Amino acid sequence: MATLSVCIVTENEERNIEATLQTVSFANEIIIVDSYSSDRTVEICKKYTDQIYLNTYQGCGIQKKIALEKATKEWVLILDADERLSVELQQEIQEVINSSTEYSGFIIPFQTFYLGKAIKFGDWYKERHLRLFKRDKGQITAKIVHSSLEVDGKISNLYNYILHYSFPTVERVLHKINDYSTLGAKERLQAGEKANIFTAILHGMFVFLRGYIFKLGFLDGKYGFMLAISNAQGSYYKYIKLMLLN
């Protein structure tokens, strides 16, 4: 039987983490890297695993890289605290890791929710990410905002969904826009990029048009419009902050 490690990064995720952990309870080990949460996140995690590591937040990629270094099983699944496996995906993962010798990694489709509404178009249309892989074949490239995963070997696709509850409230939307735009600006500053007021305006306009018009976000109704606005704001403020850092 193949074995599976699940790696999750947390920070003040008491509203999400138990539902996430319940969907990965079949794993052989669950590894949590927590950024010194001030709520009940760690307390809840202790009900499911004793492999909880505290590390001051240095960016999502760095936290996930630390979690991967702690993994010991043959296969690894990377999750965020607000992501859950559908029942069908739980079964599919167990089947493929026990039967696949040809593939080193699997790309998983996402169903993402915005204010409780399942989003089917726009920038989240057909969202898919490489998240399941053989531990000795994968490595994480650490970035401040997001991380990238590189797998040595053949990659295939799974068919059932990770359910992503990323923006449950308007307050959470605004919080993430602020946090991600700050981190994104710092990442671009490190890369030597520059920005001015026109850069910020043009990027914001482009992101809105891309998500709402070109990727048919308007088909998601008022939620598609609100999401396109949120993404545009995030891009606008990222470049405003980069301009000020410059």
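Any read-out appearing in this document is the output of simple, stated calculations on the displayed coordinates, not a laboratory observation. A quick note: this is a predicted structure, and the numbers were derived from the prediction, not measured. All Cβ positions, even for glycine, are placed from backbone atoms using ideal geometry, and neighbour counts span all protein chains on display.
Compute a Gaussian network model of the chain, connecting alpha carbons closer than 10 Å, and tell me which residue from Ala67, Ala191, Ala200 fluctuates the most. With Cα springs under 10 Å in the chain, the top fluctuation among Ala67, Ala191, Ala200 is at Ala191.
Stokes-Einstein, applied to the Kirkwood radius of region 1-110 over Cα pairs at a viscosity of 1.002 mPa s and 20 °C, places its translational diffusion at 151 µm² s⁻¹. Coupling constants for region 232-246 follow from the phi torsions by the Karplus curve (6.51 cos²θ - 1.76 cosθ + 1.60, θ = phi - 60°), and in residue order they are 5, 4, x, 5, 4, 5, 4, 7, 4, 5, 4, 4, 5, 5, 4 Hz; glycine and proline get x. For Leu130, the residues whose modelled amide H falls within less than 5 Å of its own, excluding neighbours fewer than 5 places apart on the same chain, are Ile108. Footprinting exposure proxy ranking of Val6, Val170, fewest other C-beta atoms within 10 angstrom first, gives Val170, Val6.
So for the chain, taking the charge dipole from beta-carbon charges (+1 Lys/Arg, -1 Asp/Glu), which of Leu149, Ser181, Trp75 sits furthest toward the positive end? Of the candidates, Ser181 comes out farthest on the positive side. Mean residue ellipticity, 222 nm, helices only, the chain: the sum of -39500 (n - 2.57) across DSSP H runs of n ≥ 4, divided by residue count and rounded to 500, is -12000 deg cm²/dmol. Rank Ile107, Ile162, Ile30 by mean-square fluctuation in a GNM of the chain with C-alpha springs under 10 angstrom and give only the top-ranked residue. Of Ile107, Ile162, Ile30, the most mobile in the Gaussian network model is Ile107. Under 1.5 on a/c is rounded, so check that first for region 169-245, then, if it is not, pick prolate when a/b is larger than b/c and oblate when it is not; a ≥ b ≥ c are the square roots of the alpha carbon gyration tensor eigenvalues. Judged from the Cα gyration tensor, region 169-245 comes out oblate (a/c at least 1.5, b/c at or above a/b).
If you count the DSSP beta bridges with both ends in the chain, what percent of them are antiparallel, to the nearest 5? Mind dumping the intermediate values first?
Working: 17 of 40 bridges.
Close to 45 percent.
Candidate cross-link partners of Lys137 among the lysines, defined by an alpha-carbon separation under 20 Å and a same-chain spacing of 8 or more, comprise Lys64, Lys65, Lys70, Lys73, Lys154.
Springs join every pair of Cα atoms under 10 Å in this Gaussian network model of the chain, and among Lys215, Lys117, Lys47 the largest mean-square fluctuation is at Lys47.
Compared with the dominant Cα axis of the chain, that is its longest principal axis, helix 170-190 is turned about 90°. Annotation: amide H-H contacts under 5 Å for Thr112 (H modelled 1.01 Å from N, sequence separation of 5 or more, or interchain): Ile119, His164.
Dividing the radius of gyration of the alpha carbons in the chain by their Kirkwood radius gives 0.97 for Rg/Rh. For Lys238, a cut-off of 17 angstrom between C-alpha atoms picks up these lysines, skipping any fewer than 8 places away in its own chain: Lys143, Lys176, Lys186, Lys194. In a reduced charge model with +1 at each Lys and Arg Cβ and -1 at each Asp and Glu Cβ, region 169-245 shows a dipole moment near 60 debye about its Cα centre. Which ³J(HN,Hα) values, rounded to whole Hz and listed in residue order, are derived for region 5-16 from phi using the Karplus coefficients 6.51, -1.76 and 1.60 in 6.51 cos²θ - 1.76 cosθ + 1.60 with θ = phi - 60°, glycine and proline given as x? Using θ = phi - 60°, the values come out as 9, 10, 10, 10, 9, 9, 6, 6, 10, 4, 6, 10 Hz. Rounded to the nearest 20 debye, the dipole size of the chain about its Cα centre is 780 debye, using +1 on the Cβ of Lys and Arg and -1 on the Cβ of Asp and Glu. Remark: region 149-154, residue by residue, has Karplus-estimated 3J(HN,Hα) of 10, 10, 10, 8, x, 6 Hz, where x stands for each Gly or Pro and the curve is 6.51 cos²θ - 1.76 cosθ + 1.60 at θ = phi - 60°.
Please give the net charge around Tyr103, taking every other residue with its beta carbon less than 11 angstrom from that of Tyr103, where Lys and Arg add +1 and Asp and Glu add -1. It would help to have the intermediate numbers written out before the result.
Working: positive: Lys134, Lys137, Lys154; negative: Glu102.
Taking every other residue near Tyr103 into account, the sum is +2.
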